[in-house]
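The next block holds one structure in the form of structure tokens; read it before the comments.
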Amino acid sequence: MIFEGRVQGVGFRYAVKELSRGFDVCGWVKNLPDGSVELQVMGETPEVESFIKEIAEESPVAHHVKSLCAEKIPLLENCKGFKIER
């Protein structure tokens, strides 16, 4: 997923990492050079959908998200936990 809006410099990645603790998901989140944030997440479909909804609609940083784009990708290999990529 790509989150666009005022999503850098507002604690977005840290908020997403903290939210991930409440869901059975693994993956990572990182800032992109164009000012957007990329999220790669893996888990059971209902869990991933709930996680994304929480980020984009219900979290303290949700108001920073102006748009998001989702795309299915190959499964993440050796995925354990959730982290912030640099």
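The values are calculated or read from the model by the stated rules, or taken from the named source; none is laboratory data. Computed from a prediction, not measured in an experiment: that's the story for all the values here. Note that each Cβ is placed from the backbone with ideal geometry, even for glycine, and that neighbours are counted across all protein chains shown.
Points worth noting:
- Some residue of the stretch 41-52 being under 15 Å from MET1 (Cβ atoms), surrounded by fewer than 12 Cβ atoms within 10 Å (Cβ to Cβ), at pLDDT 95 or above and in contact with a strand residue (DSSP E or B) (Cβ under 8 Å, 6 or more places away or on another chain): no
- Test: residue in the stretch 1-9 that is assigned to a helix (DSSP H, G or I), small (Gly, Ala, Ser) and buried (at least 17 other Cβ atoms within 10 Å of the Cβ): no
- Evaluation of HIS64 against (1) surrounded by fewer than 16 Cβ atoms within 10 Å (Cβ to Cβ); (2) in contact (Cβ under 8 Å) with a residue 40 or more places away in the chain; (3) not hydrophobic (A, V, I, L, M, F, W, C) (one fails), failing number: (1)
- For the stretch 10-40, filtering for residues that are assigned to a loop (DSSP other than H, G, I, E, B) and among the acidic types (Asp, Glu) leaves 2.
- Against the list (1) under 17 Å from PHE3 (Cβ atoms); (2) loosely packed, with under 15 Cβ neighbours inside 10 Å; (3) not polar (S, T, N, Q), the condition ILE55 fails is (2).
- Search result, residues across the stretch 71-86 that are surrounded by 11 or more Cβ atoms within 10 Å (Cβ to Cβ), among the aliphatic types (A, V, I, L, M) and modelled with pLDDT under 95: LEU76
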